[in-house]
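First the structure, in the form of structure tokens, and then the observations on it.
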Amino acid sequence: MTHDPHHTPLDLHAACCGHDGVDHAKRQTLDTLAQGGLAAALATILGGLPSPVRAQDDDVVRIGYLPITDATPLLVAHAKGFYADEGLEAEKPTLIRGWSPLIEGFAAGKFNLVHFLKPIPVWMRYNNDFPVKVMAWAHTNGSALVVGRHTDITDFAGLGGKQVAVPFWYSMHNIVLQYALRAAGIKAVIKAQGEPLAPDECNLQVLPPPEMPPALAARKIDAYIVAEPFNALGEMMAGARMLRFTGDIWKNHPCCVVCMNEQVTTAKPEWTQAVMNAVVRGSIYASQNKEEVAALLSKDGMGYLPAPAPVVKRAMTLYDDNPDYIESGAIKNEAEFKNGRIDFQPWPYPSATRMIVEAMNDTVVSGDTTFLDGLDPQFVADDLVNYSFVKSALEKYPEWKNDPSVNFGDPYEREEVLKL
């Protein structure tokens, strides 16, 4: 779809977030994230917080989520009554407009079931000693890099001399982007936006996902890499052009993971198992019914996501059946990878955790990275992730194996594949 000049930045923001601005307190937090990195923000949020007061004593499922498709299994489990089927009472999920307040709500015990970008629990557990556990993957794939209509960018080499937004320094998005930039001979740098760039430098900045399409439309940035539905929204409302899907570079990569408090999982194993059973059922249903789920979650359905149904449908379903993506090179490896634009399988492959920890050390970020020093990838894979509850749920509901992102052969082990 071509750019509609009647879509203003505020229109785009409202389509993403359901409101027409970011309040001052949230803006300050987002500025902290952008300037000092995730580490500084989390240190402020988590510093001195006690262990959750409510979490161990409250049997009500309290979900916090961002308005992105990464949250789909948690939301579908609520919409379709899967928590109730497991004998659980679940409040309507609470939409949170940024990672910082979601982290704070989880740390304070307001939420006992959330989704986080994979590096967030790494930081919480190993820098702040917070007892977070990764319980499952929320999805696979589901992110992309889009470029502005005002640019002539056709490949990663074309990002030299350009401004690119990422959602967080410690994110799969930043890891994959910099992997591709290095292969193209482009250096990732972090400079003030007005500073001059060499032809082989790509300047990175952190923007909250809802701000990315308006910033691109206003030509404040040249490209952004983020989770859906913001790529689809950029295509449909900001004139963005798809450069490359991340799932076409890193086969069936994780992005957001399902997290709980370790103290809760230890104190209430039966409750925890029931929650994970419902989440796995949500994942299976989403995998098997993407078009229906897109309409269900959209603002035109049950309103879990503030984006309109056509945007969410595109974000979940439009992939290799679009010849433009094949011709432009946005998809190059589908014949080998056989994935979708977004897929849903819950098993947290240890190999991916190890690779993320290794890659975090090689990724240019802003802020203090000392928490990564000496952090052993195998230790993190063994210690950060609880495999038992999700595996029991997967054995109870074997239909999960039908998702295209499940490894062929042994469904519980795989080797990571990156290919440009």
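List the helices (runs of 4 or more DSSP H) inside segment 321-420, counting only whole elements, that have at least 2 residues being surrounded by fewer than 20 Cβ atoms within 10 Å (Cβ to Cβ) and free of Cβ contacts under 8 Å to residues at least 40 places away in the same chain.
323-328, 350-360, 377-383, 388-396
Inspection of segment 135-154 identifies no residue that is more than 25 Å from Asp324 (Cα to Cα) and among the polar types (S, T, N, Q).
Of the residues making up segment 222-239, just one is under 19 Å from Gly161 (Cα atoms) and surrounded by fewer than 24 Cβ atoms within 10 Å (Cβ to Cβ), namely Asp222.
Scan segment 112-120 and give yes if some residue there is charged (D, E, K, R) and surrounded by fewer than 23 Cβ atoms within 10 Å (Cβ to Cβ), otherwise no. Spell out how you get there, then give the answer.
First, pick out the residues of segment 112-120 that are charged (D, E, K, R): 118.
Narrowing the set further to residues that are surrounded by fewer than 23 Cβ atoms within 10 Å (Cβ to Cβ) leaves none.
No, segment 112-120 has no match at all.
Taken together, the values in this text are just the output of simple stated rules run on the coordinates, not laboratory data. Values in this document were obtained by computation on a predicted structure and should not be read as measured data. Cβ: placed from backbone, ideal geometry, glycine included. Neighbour counts: every protein chain shown.
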